Amino acid sequence: MLRIYDVIIDTVAGLRPVMERVGQHDAELARQMRRALASVALNVAEGSSSRGRNRGARYHTAAGSMREVGAAIDVAVALGYIDGVDELVRERLGLIVGTLMKNARS
């Protein structure tokens, strides 16, 4: 399992209150965020047990899902559902995507 997995799980837990606030305004956007976050963790777990191109594909998919989470946060801010997220959360999203993309190419 990639060491970034624990960071992913911590990020999922940290974004739970954000999803709850978004869900008060837009249940579908909150569901989409939840699915994307789950997809990140699940694809990393699956990729860790895969080999070759399948491993890279799972990590690439996980990175795309994490980017989707970032976009969902941007949309929620733009629509006035939330004021934003802590800068540490943004940094974590970038760290996760960067790590996954690096491992997708390995």
Revision key, fill the gap. For segment 20-37, Karplus-derived ³J(HN,Hα) couplings (6.51, -1.76, 1.60; θ = phi - 60°; whole Hz; x for glycine and proline) come out as 5, 5, 4, x, 5, 9, 8, 4, 5, 5, 4, 5, 5, 4, 4, 5, 5, 4
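Between S106 and V7, what length comes free when the chain is fully extended (0.36 nm per residue of separation minus the Cα-Cα distance, one decimal in nm)? All intermediate terms of the calculation are to be shown ahead of the outcome.
Details: separation 99, 0.36 × 99 = 35.64 nm, distance 2.01 nm.
Working it through step by step, the gained length comes to 33.6 nm.
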Review point. What's the FRET efficiency of R53 with R16 using the Cβ-Cβ distance as r and R₀ = 30 Å, to the nearest 0.05?
Key: 0.35
Review point. Along segment 69-83, what does the Karplus equation 6.51 cos²θ - 1.76 cosθ + 1.60 (θ = phi - 60°) give for ³J(HN,Hα), rounded to whole Hz, x for Gly and Pro?
Key: 4, x, 5, 5, 5, 4, 5, 4, 5, 4, 8, x, 6, 9, 7
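What is the diffusion coefficient of the chain in µm²/s, taking the Kirkwood radius over Cα pairs and the Stokes-Einstein relation at 20 °C with a viscosity of 1.002 mPa s? Walk me through the intermediate numbers first.
Details: Rh = 13.8 Å.
Answer, rounded: 156 µm²/s.
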**Study point:** Karplus (6.51, -1.76, 1.60) ³J(HN,Hα), θ = phi - 60°, over segment 93-105, in Hz, Gly and Pro reported as x
**Key:** 4, x, 4, 5, 4, x, 5, 5, 5, 4, 6, 5, 8
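Relative to the Cα centre, what is the charge dipole magnitude of the chain, using +1 at the beta carbon of each Lys and Arg, -1 at the beta carbon of each Asp and Glu, and rounding to the nearest 20 debye?
Roughly 700 debye for the chain.
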Review point. Among rounded, prolate and oblate, which fits segment 3-55 when a ≥ b ≥ c are the square roots of the eigenvalues of its C-alpha gyration tensor, a/c under 1.5 means rounded, and a/b larger than b/c means prolate?
Key: oblate
Review point. If each of L42 and Q24 carries a label point 7 Å out from its Cα toward its Cβ, how far apart are those two points in nm?
Key: 2.9
Point to revise | Estimated [θ] at 222 nm from DSSP helical runs (n ≥ 4, -39500 (n - 2.57)) normalised by residues in the chain, nearest 500 | key: -29500 deg cm²/dmol
Revision key, fill the gap. Interchain or sequence-distant (5+) residues whose placed amide H lies within less than 5 Å of the amide H of I82 are V77
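Any read-out appearing in this document is the output of simple, stated calculations on the displayed coordinates, not a laboratory observation. Treat the numbers as computed from the prediction; the structure is a model and nothing was measured. Glycine also receives a Cβ, built like all others from the backbone with ideal geometry; neighbour counts cover every protein chain displayed.
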